[in-house]
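As structure tokens, the structure follows; a few thoughts come after it.
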Amino acid sequence: EAQVTQNPRYLITVTGKKLTVTCSQNMNHEYMSWYRQDPGLGLRQIYYSMNVEVTDKGDVPEGYKVSRKEKRNFPLILESPSPNQTSLYFCASSLEVGETQYFGPGTRLLVL
Amino acid sequence: EDQVTQSPEALRLQEGESSSLNCSYTVSGLRGLFWYRQDPGKGPEFLFTLYSAGEEKEKERLKATLTKKESFLHITAPKPEDSATYLCAVQAWAGGYNKLIFGAGTRLAVHP
């Protein structure tokens, strides 16, 4: 089944404790992206990756890192999480930039 | 500034009562407009892509249309299972790269 998977689905952590949210797609997509969704603000892009060689910041990159060492995986790293990073996070992928993006099931993060 | 605005914020319908959701946008270089459906706690599910003014797409009880400044999602004779948040997103060339800009969504509740 073609899909985008994320792990973990739910995470409670404390301020300053490094964490990684994994994202994997099995559709051989070039483009991958991370979003956060907050009430009233819609989905906002954190980082995106055009392909394994190109990764760049989106609208709200502060406090986040990503890596794209292989085509299928695009982990999101929070080096020192803070309470304002409490949110619902989605990974998405598309065949190429500008094509329809397909979303993962989401990761709900609570930072205490 | 590139912006996507959805209205109404929330909509309550009786089963069978047709209505329309609006998505208005101001972007400098439209590359496509996307509609997604999102159920609580899940990732957005792709519905339609529209590329040019006058284009229409249909799927079951849903029909999406596009003009130069807005898009409508028409829901004909809705059923309770159509209850969800509907998201509009615009693919635009902004800030030197291709960017997907989301509206805040319309929460639709269809009651029997």
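None of the figures in this text is laboratory data; all of them are computed from the coordinates on show. Since this is a predicted model, take the numbers as computed values, not measurements. Using ideal geometry, Cβ is built from the backbone for each residue, glycine included, and neighbour counts are taken over all protein chains shown.
Summary table below
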| quantity | calculated |
| --- | --- |
| Nearest-0.05 FRET efficiency for A:T86 and B:K69, computed from C-beta distance (R0 41 Å) | 0.70 |
| FRET efficiency, A:I12 to A:E79 (Cβ-Cβ, R0 22 Å, nearest 0.05) | 0.75 |
| Residue of A:L11, A:L88, A:L78 that the Gaussian network model of chain A assigns the largest fluctuation, springs spanning Cα pairs under 10 Å | A:L11 |
| Percent antiparallel among DSSP beta bridges (both partners in the range B:3-111, rounded to 5) | 90 percent |
| Which of A:F90, A:F74, B:F34, B:F72 has the fewest Cβ neighbours within 10 Å, and the rest in rising order | B:F72, B:F34, A:F90, A:F74 |
| Those residues of the range A:82-112 whose amide nitrogen sits under 15 Å from the label point placed on A:E30, 7 Å along Cα→Cβ | A:93-101 |
| Mean Cβ neighbour count within 10 Å, used as a protection proxy, ranking A:31-39, B:44-52 highest first | A:31-39, B:44-52 |
| Neighbourhood charge, 11 Å Cβ-Cβ cut-off, centred on A:E99 and excluding it, Lys, Arg +1 and Asp, Glu -1 | -1 |
| Shielding by other protein chains, A:41-52, mean Cβ within 10 Å | 3 |
| Anchor A:K57: lysines whose Cα lies under 27 Å away (excluding residues fewer than 8 positions away in-chain) | A:K17, A:K18, A:K65, A:K69, A:K71, B:K42, B:K99 |
| Theoretical gain in end-to-end length, A:V54 to A:R72 [0.36 nm per residue, Cα-Cα removed] | 5.1 nm |
| Chain A: most fluctuating residue of A:I46, A:I77, A:I12 per GNM, C-alpha cutoff 10 Å | A:I12 |
